[in-house]
Amino acid sequence: MFTRHYIGALVIGATLSGCAGQASTAPQTKALPPQSTSTQISQAELADFAAWRNDFRRRALAKGIKPAVFDSAFKDVSLSPQVIKLDGGQAEFTRQIWDYLDTATSATRVSTGRQKWEKLRPTLKAIESRYGVDAKVVMSVWGMETNYGSYRGNTSTIEGLATLAFEGRRRTFAEAQLIAALQILQAGDVSSEKMRGSWAGAMGHTQFMPTSYLEYAQDFTGDGKRDIWSEDPTDALASTAAYLARFGWQQGAPWGVEVSLPDGFDYSTADQGNLKPVAYWRSQGITTVNGQTLPDHGEAAILVPAGAHGPAFAIFSNFKVIRRYNNATSYAMAVGHLGDKLAGGGEFRSPWPRDERALSRAEKEELQRRLTARGFDTRGTDGVIGPNTISAIRAYQQSLKQVADGYASATLLKQLR
C-alpha cells in the first residue's frame, strides 16, 4: 500500500511503500545475482546468510527487540529461493491499461465485491462513520489487493524480508521492514507462524507493510489486537480507511470523472501535476462525457492514460490519496473505477484504442534511445515511461506539429524508426 509498501500482485508498475529505513551497518555480503532464477541455495550462500543474520540480530537488539522474540521469529528461517526468483524476475511485456482495468474491475470481481459488501454492510457503515472514508473505496482496495481476502499470500514475512535484506538490492528498505515486523511480534498482535503475506512483505487482507502497520493499523473489533491476518477482515478494512483518512480522503467526492475534451485541446496541459481550479477547465470547454458542467471538487488535473485516442478524465484530490496507497496511475484508476462499479456505476463511455499493442520493456528502451538521439533527451534508458520520457515525447510531437499527448505507443516507435 503506500508508496510506501508493496501492493497487490495485480498492480501495473507497483512500487515500494513509503516507509524509509535507516542506513544499514550490516557487512556487505555479496548480493545474489538480481536476475537469478535458480531454485538452489549453495552452502556458501547459507553461510553468508547466517553471518548476516547474526549481525542483524545484534542491530535488532540494539533497537529494543528482545532476544527471545528475535530467536523465536528467526527459528527455521532460511533463504527463500522463490523470493529471490520473484525479486530478480522482470516481466518483458507489460499490459495496456485497458487490459489491466478489464481484469481489475471484471464482472466477477464486481459481483463478488457486492456480495461481500452486503454481508459486511453494518461493519462497513461503522467504519465509514468513524473514519469518513467511503465504503466503496475501502471495498475496492480490498478487492484489488487480495480479491477480497481470497489470496493474502502465504510467504513467511520474516523469511521473505530476511531474504530481501540479505540479497542486498533493497537492503535498507527490507531491514527497516524486518525491524518493524519484529516490533509487531513483540507487541503480541500476531504470532510469527501467522505473520504471512506476499513475498515482498505486504501482509493481510489489504496488504500492509510492517512499518505502515505500526503507524496506521486499527483494532476496530476491540479485542486488543490489530489483526489484519485472520479470516475476519474488520481490522484490515478499518486500517485501510484510517490510512486513506490520514492522507486527506474527501468523503463523497469522486476520484475523477470522465470528461469530453474540446477540439483543439492542448494535450500538453494534460498532466497530473498540472492542477487548476475547475473554473479554469470549464473555461477551456471541458465538460463531463455526458455534456454536463464539470463538477467542482477542488483543483483538478486532466488525465489521458491512453493519449489523445482514449478516454479523458478530470482527477481530483482523492485520486492522489489512492496513489499514496500505491503510486501507480493504473492502480489508482482501477481502485476508483472498481469502487464506482461496486456502487452501481458502469463502464467508461469513450472507447480505448484497443488496436494499439503494448510495448515491451526492450521497445520502451529503444524508444528512449531514439528520442534522445534525435535531441529529445529522456534522461536515461531504463524502459520506464516516466515524466522525463513523456516530456521528451511531447517535445518530439510538437516539433512535428502533432498532437502532443506524450503517449508512448507502438505507432510512435514505428515513426521514430
In this structure, does R152 turn out to be under 30 Å from S42 (Cβ atoms) and in contact (Cβ under 8 Å) with a residue 60 or more places away in the chain?
-> no
Based on what the data block shows, is A91 at pLDDT below 95 and out of contact with any Leu (no Cβ under 6 Å at 6 or more places or on another chain)?
-> yes
For E231, the lone unmet condition from (1) surrounded by 15 or more Cβ atoms within 10 Å (Cβ to Cβ); (2) in contact (Cβ under 8 Å) with a residue 24 or more places away in the chain is (1)
Only one residue in A392, A408, A404 is touching a Lys or Arg at 6+ places or on another chain (Cβ under 6 Å) and surrounded by 17 or more Cβ atoms within 10 Å (Cβ to Cβ). Which one?
-> A404
State whether one or more residues within segment 257-269 are of a type in the set (S, T, N, Q) and assigned to a strand (DSSP E or B).
-> yes
Looking at L124, L79, which one is buried (at least 18 other Cβ atoms within 10 Å of the Cβ), touching a residue at least 12 places away in the same chain (Cβ under 8 Å) and assigned to a loop (DSSP other than H, G, I, E, B)?
-> L79
What are the residue pairs meeting all of these: first residue in segment 41-67, first residue surrounded by fewer than 14 Cβ atoms within 10 Å (Cβ to Cβ), second residue of a type in the set (V, I, T) and part of a helix (DSSP H, G or I), Cβ atoms under 8 Å, and 6 or more apart or on different chains?
-> K63/I179
Exclusive hit being modelled with pLDDT under 55 and among the charged types (D, E, K, R), set K30, K75 | K30
Does A187 count as within 16 Å of T155 (Cα to Cα) and either surrounded by 21 or more Cβ atoms within 10 Å (Cβ to Cβ) or out of contact with any Lys or Arg (no Cβ under 6 Å at 6 or more places or on another chain) (or both)?
-> no
Quick count over segment 127-149, residues being without any contact (Cβ under 8 Å) to a residue 60 or more places away in the chain, assigned to a helix (DSSP H, G or I) and not hydrophobic (A, V, I, L, M, F, W, C), is 1
Subset of segment 175-199 (residues that are assigned to a helix (DSSP H, G or I) and touching a residue at least 40 places away in the same chain (Cβ under 8 Å)) | E175, A176, Q177, L178, I179, A180, A181, L182, Q183, L185, Q186
Of (1) closer than 23 Å to F265 by Cβ; (2) at pLDDT 95 or above, G375 fails just (1)
How many residues does segment 140-154 hold that are among the aliphatic types (A, V, I, L, M) and more than 16 Å from D235 (Cα to Cα)?
-> 1
Test T163 against the criterion of being polar (S, T, N, Q), in contact with a Ser or Thr (Cβ under 6 Å, 6 or more places away or on another chain) and buried (at least 22 other Cβ atoms within 10 Å of the Cβ), and give yes or no.
-> yes
Residues of segment 137-151 satisfying the condition of being touching a helix residue (DSSP H, G or I) at 6+ places or on another chain (Cβ under 6 Å) and buried (at least 23 other Cβ atoms within 10 Å of the Cβ) | V137, V138, M139, S140, V141, G143, M144
Could you look through segment 309-318, keep only residues that are in contact with a Pro (Cβ under 9 Å, 6 or more places away or on another chain) and part of a helix (DSSP H, G or I), and pick out the one that is nearest to R349 (Cα to Cα)?
-> H309
Taking the options A395, A373, A362, A358, name whichever one is among the small types (G, A, S), out of contact with any strand residue (DSSP E or B) (no Cβ under 8 Å at 6 or more places or on another chain), touching a residue at least 40 places away in the same chain (Cβ under 8 Å) and farther than 30 Å from G291 by Cβ.
-> A362
Counting only residues in segment 290-304 that are in contact with a Phe, Trp or Tyr (Cβ under 8 Å, 6 or more places away or on another chain) and not in a strand (DSSP E or B), the one surrounded by the fewest Cβ atoms within 10 Å (Cβ to Cβ) is identified as G298
Given the structure, is G256 surrounded by 20 or more Cβ atoms within 10 Å (Cβ to Cβ) and either at pLDDT 95 or above or not hydroxyl-bearing (S, T, Y) (or both)?
-> yes
Please state which one of D102, D134 is under 20 Å from the mean Cα position of the chain (by Cα), surrounded by 12 or more Cβ atoms within 10 Å (Cβ to Cβ) and within 30 Å of R357 (Cα to Cα).
-> D102
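The values are calculated or read from the model by the stated rules, or taken from the named source; none is laboratory data. In this text, all values refer to a predicted model and were calculated from it rather than measured experimentally. As a convention, Cβ positions derive from the backbone with ideal geometry for all residues, glycine included, and neighbour counts pool all protein chains shown.
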